[in-house]
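To start, the structure under review is shown below, and the notes come after it.
The values are calculated or read from the model by the stated rules, or taken from the named source; none is laboratory data. The structure presented is a predicted model; accordingly, all values stated were derived computationally and were not measured. Cβ sites come from the backbone with ideal geometry, for glycine too, and all protein chains shown count toward neighbours.
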Amino acid sequence: MDNPMVSAQTYINKGRALQQLGLQDSVSFYILKARGLCSSLPYNSGMVDVDLLHGTFLTEMGGDSLHLGIQELEQVTHQATAINRAKAYHQLAQTYLKQDMPQLAEIMLDSLYSLLNRSQSPIYIHLNYQPILDHYIKNNNHYKAEQFTRIMLQEQQAIKEKKLNYNLVEAIADLQTEQQRKELKIVQLEHTNQRLWLVIAIVVSLIIVCVIVVLYFYQKKQHKAEIKRADDKLSDMVEKLNQTSAEKDMMSQEIDQIMSDKDSRQELETLTPSLLFKQGESKFRQRFELLYPLFLPRLRERVPSITRREELLSMLIVLNQDNKEIAELLAIAPRSVLMLRHRFRQKIGMTTDNSLENFIEEILGPRNESASTIKNDSDSTSITNSDSPDDNSSM
């Protein structure tokens with residue numbers, strides 16, 4: 001242990017306990033250990049307890065050890081504090097009484113009585129007064145017997161008061177503990193209520209989330225149904241357009257021109273916005289890329305996050321289609337075209353001073369003479385007016 005005084009006191013307490021149990025052999029071991037630790041300490045910081053224990057141990061053993069035990073106890077009576085001196089006087093008095101030395105025993109008892117009554121505050125050392133009282137009663141010394149009886153009664157009364165105080169303190173501590181236990185129970189109930197409200201809030205939140213999810217999927221299903229209806233309607237329109245003989249003749253003429261002459265002007269003449277309706281977006285894009293091979297790569301480089309619908313809008317602007325014509329070709333409402341243009345302008349960071357057409361023209365760059373003449377009059381007018389699907393239905 002780090003503190004020698006604490007360690008020594010531990011050994012002394014073990015020695016006293018073994019002495020009361022009658023294990024004399026083990027007492028010497030702990031006395032020796034405690035003496036080694038107290039050798040460097042002041043006398044009253046540990047060695048006095050070692051001498052008192054060792055002196056008591058030797059005097060109770062008797063025989064050859066008696067004289068050495070008396071010497072150690074006498075040393076305690078000269079150097080120790082009042083409580084340890086009183087214990088030493090008491091042990092010496094008992095030793096002398098056992099050795100039939102009544103005069104020396106009474107000298108030790110007188111010193112003990114004087115020491116106990118000399119202090120302003122009473123000294124209680126919990127001694128065994130019965131042998132002392134028996135000695136004085138046996139010798140008819142009632143005065144001395146009364147003195148030690150009074151000391152014994154005072155000490156017993158002090159012990160009772162101390163015990164009562166201890167019981168009172170213990171009762172107060174129990175009361176405080178009970179109060180703290182109640183407060184703790186209240187806090188635990190509050191925490192339980194908080195957890196309950198938290199669980200309720202979580203359950204309500206989960207219910208709300210589930211309702212939102214159900215509504216979302218329901219609306220998604222409805223939206224898909226609307227898209228399907230719009231697609232069906234668009235298919236019907238395309239089918240009707242394909243059934244007209246005029247459109248068939250025009251398509252035959254365009255195919256003949258492509259097959260007979262692959263000049264860029266003929267490709268331009270076959271690239272009309274009506275192709276988007278007649279042969280579909282893939283054919284339209286194929287024709288457009290033949291005529292403007294650099295436009296879409298440049299556009300995607302300038303606007304990496306461009307959408308498919310924004311590409312179609314840009315391609316139709318290249319073909320000089322106005323908002324109404326774009327709405328008809330994309331099968332959306334005119335206001336949806338305006339919204340599409342507005343979002344596209346926001347994406348490319350255009351100000352209100354610049355037009356989307358200028359931006360498209362800048363990306364398109366110089367065009368050859370054959371690309372400047374775009375045949376769109378007959379095809380753009382061939383699209384009949386009908387109810388436009390929602391903004392998301394054409395794509």
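A few notes on this one:
- Close Cβ contacts (under 7 Å, 6 or more residues apart or on different chains) running from residues in the stretch 81-95 that are of a type in the set (S, T, N, Q) to residues that are surrounded by fewer than 18 Cβ atoms within 10 Å (Cβ to Cβ) comprise Thr81/Asn44; Gln94/Pro131.
- Boolean, Asp64 is acidic (Asp, Glu) and loosely packed, with under 14 Cβ neighbours inside 10 Å: yes
- Residue among Ala230, Ala171, Ala201, Ala225 that is surrounded by 10 or more Cβ atoms within 10 Å (Cβ to Cβ), at pLDDT 85 or above, over 24 Å from the mean Cα position of the chain (by Cα) and among the small types (Gly, Ala, Ser): Ala225
- Screening Gly22 against (1) closer than 29 Å to Asn141 by Cα; (2) out of contact with any helix residue (DSSP H, G or I) (no Cβ under 8 Å at 6 or more places or on another chain) leaves a single unmet condition, (1).
- Boolean, Ser39 is loosely packed, with under 15 Cβ neighbours inside 10 Å, touching a helix residue (DSSP H, G or I) at 6+ places or on another chain (Cβ under 8 Å) and of a type in the set (Gly, Ala, Ser): yes
- Positions within the stretch 319-345 being outside any helix (DSSP H, G or I), surrounded by fewer than 19 Cβ atoms within 10 Å (Cβ to Cβ) and hydrophobic (A, V, I, L, M, F, W, C), in sequence order: Ala333
- The stretch 273-318 holds helices (runs of 4 or more DSSP H) entirely within its bounds, and those carrying 3 or more residues that are touching a helix residue (DSSP H, G or I) at 6+ places or on another chain (Cβ under 8 Å) and not aliphatic (A, V, I, L, M) map to 281-291, 295-302, 308-318.
- The set of residues in the stretch 72-96 that are small (Gly, Ala, Ser) and either exposed (fewer than 15 other Cβ atoms within 10 Å of the Cβ) or not in a helix (DSSP H, G or I) (or both) comprises Ala80, Ala82.
- Single condition Gln194 does not satisfy, out of (1) closer than 29 Å to Leu330 by Cβ; (2) surrounded by 10 or more Cβ atoms within 10 Å (Cβ to Cβ): (1)
- Taken together, the criteria exclude Gln99 from residues that are closer than 19 Å to Ile12 by Cβ and surrounded by fewer than 22 Cβ atoms within 10 Å (Cβ to Cβ).
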